[in-house]
Protein chains: 2
Amino acid sequence: MKASASVRVALIQMSCSKDIQPNLDKALQRIEEAAQKGANVVCLQELHCSHYFCQSEDDACFEFAETIPGPSTEALSAAAKKHGILLIGSLFEKRTDGLYHNTAVVFDKDGSLAGTYRKMHIPDDPCYYEKFYFTPGDADPGFKAITTSVGKIAVLVCWDQWYPEAARLAALSGARMLFYPTAIGWHIADATDVKKGQTDAWETIQRSHAIANGCFVCSVNRVGREGNLDFWGGSFVADPFGKIIGKSSHNNEEILYADCDMTRIDWTRRHWPFLRDRRVDAYGNLTRRFID
Amino acid sequence: MKASASVRVALIQMSCSKDIQPNLDKALQRIEEAAQKGANVVCLQELHCSHYFCQSEDDACFEFAETIPGPSTEALSAAAKKHGILLIGSLFEKRTDGLYHNTAVVFDKDGSLAGTYRKMHIPDDPCYYEKFYFTPGDADPGFKAITTSVGKIAVLVCWDQWYPEAARLAALSGARMLFYPTAIGWHIADATDVKKGQTDAWETIQRSHAIANGCFVCSVNRVGREGNLDFWGGSFVADPFGKIIGKSSHNNEEILYADCDMTRIDWTRRHWPFLRDRRVDAYGNLTRRFID
């Protein structure tokens, strides 16, 4: 498919309540609003159908999981088709009994499932006990562009954003836009300067993926207090040289729009030809844990 | 050797004239000043003994090249020993007839050569015709920490700074500080916003290496007008979460000091355990040019 020259992205930054249906209803409403405002691509935040339940290890939370296809994916598919948009959603996927993933789904404008991505890097830290819930993605290759009506894109999820390897592999497989559905927040007990350092690092590393790879990076995070976390929002879109071309607040529900001129990718890569000079002969040790 | 708990780094940001001796003399004087102010590690900028001659392809410029050992390395070795410091220099190395490198040298406080690094990623762009002069480094492994009296460090050079792979491999081989001797500037014809975008991307991607790897990043650039380039200085040190703990101006000769608390490395990596969760099983394709 021929890639579009300009893509209007909408990132839906919202707060979530405990029950699934009100969250899904809210997301569908915002998707409609974004489509009406001309969005070609709409991306929802990580686990947008529920609270970020990973703040504790609780068997009962497995009840939030859904299969693909399932109620959420059917609703998202229908919304993509209805509005004629590319729609990126996120869900707690039940693959089979006892096997669950944190999975992004991409529906094209005809409602078809263009691709899925099962989160590869899984965190496990206080308030982010994801290793309890999510089996790491096992696709081969693990990072891969998805072909869509707006060109090749890739979806990576939250903790993936700290890994240059993931962004690079997505870009090398042809992705021109990287989407990062995210759920990250400040611990309420942290000091203001610590919080600032965290959001700054989070934004910086994702902007660096845009720079290193000469592609757009679109990151969408939730807002609102849940348990001990204040989700910090700050959703943004960076252009292929890492310049932020749109950014949301840290505490309000918002739809962030960004018009992405896809011709900037080749322009930027010609002027800053990093892909040309990679020393692929010398990168073999990147598959090692540590070189000791 | 046991790593030091605190390391005082000095980055010498200077302008250069055409002749080698005045540049070397200036560098030696600044090294002395830095040592007197308590620096344990002093790092000079890329090709500090000459103008940045790569603005044109000129056979005559090969005359700037030196062997190792040679006059520059002998002077640097003596300075390291005299002041009892770790000293990082850069030179245009003649390896043999017709084989030249852009090489960083690391002298320990006893004057011994702790290690060398031949620049791996070589640019070739208008005003930066480095592929004409410099054979890419061919060490195996290409990126490797150097063991010194202040612990393991790595030196990467200028264009390397745009490659997350280089920083990662250096960190995986144990480097706790990454040094980037650099010569990068604004083309005098560029617009102000273009210039701002360039310095911003340059700083961002290097800060991201600190974040991704949980290590210190020390970048030292030259200042001053040479030909069509205004070297933009802006030398800085970033801590293991990418926070800038010291930064120089864009147009003045300066010695930037930064006290690096090396215990922050483990502290940061415990709180943001990115190395723990790398998907080394899924990174094999990083050795490919493009996945098409």
Search segment A:266-288 for residues being in contact (Cβ under 8 Å) with a residue 24 or more places away in the chain and within 9 Å of another protein chain (Cβ to nearest Cβ), and hand back the single one that is farthest from B:Thr287 (Cα to Cα).
-> A:Trp272
Mind telling me which of the residues B:Ile291, B:Ile211 ends up being surrounded by 22 or more Cβ atoms within 10 Å (Cβ to Cβ) and at the interface with chain A (Cβ under 10 Å from one of its Cβ atoms)?
-> B:Ile211
Segment A:114-152 - residue that is under 30 Å from A:Lys81 (Cβ atoms) and among the aliphatic types (A, V, I, L, M) and, of those, nearest to the other protein chains (Cβ to nearest Cβ) = A:Met120
Test result for B:Gln55, more than 15 Å from B:Phe107 (Cβ to Cβ) and surrounded by 20 or more Cβ atoms within 10 Å (Cβ to Cβ) = no
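So that you can scan it fast, the table gives a plain yes or no per residue for (1) closer than 16 Å to B:Thr135 by Cα; (2) surrounded by fewer than 23 Cβ atoms within 10 Å (Cβ to Cβ):
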position	(1), (2)
B:Ser17	no, yes
B:Gln21	no, yes
B:Gln36	no, yes
B:His51	no, yes
B:Ser72	no, no
B:Leu76	no, no
B:Asp97	yes, yes
Considering residues that are outside any helix (DSSP H, G or I) and in contact with a helix residue (DSSP H, G or I) (Cβ under 8 Å, 6 or more places away or on another chain), the number found within segment B:30-45 is 2
Would you pick out the residues in segment B:228-265 that are within 14 Å of chain A (Cβ to nearest Cβ), open to solvent by 20 Å² or more (accessible area, probe 1.4 Å) and not in a loop (DSSP other than H, G, I, E, B)?
-> B:Ile244, B:Ile245, B:Arg264
Under the condition of being part of a loop (DSSP other than H, G, I, E, B) and closer than 30 Å to B:Arg269 by Cα, which residue from segment A:99-128 is most open to solvent (accessible area, probe 1.4 Å)?
-> A:Pro126
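Within segment B:137-150, count every residue that is open to solvent by 60 Å² or more (accessible area, probe 1.4 Å) and in a loop (DSSP other than H, G, I, E, B). Before you say what the answer is, go through the steps one by one.
Our first condition is that a residue be open to solvent by 60 Å² or more (accessible area, probe 1.4 Å); within segment B:137-150, this holds for B:138-140, B:144, B:147.
When the remaining residues are screened for being in a loop (DSSP other than H, G, I, E, B), the result is B:138-140, B:144.
Final tally of qualifying residues: 4.
Checking the condition touching a Pro at 6+ places or on another chain (Cβ under 9 Å), surrounded by 23 or more Cβ atoms within 10 Å (Cβ to Cβ) and among the hydrophobic types (A, V, I, L, M, F, W, C), which residue from B:Ile205, B:Ile153 passes?
After applying the criteria, what remains is B:Ile205.
The values are calculated or read from the model by the stated rules, or taken from the named source; none is laboratory data. All values derive from a computational prediction rather than experimental measurement. Note: ideal-geometry Cβ built from the backbone for every residue, glycine included; neighbour counts use all protein chains shown. Each accessible area value is taken on the protein alone, full model and side chains, heavy atoms only, with ligands, DNA and RNA left out. Shrake-Rupley method; radii C 1.70, N 1.55, O 1.52, S 1.80 Å.
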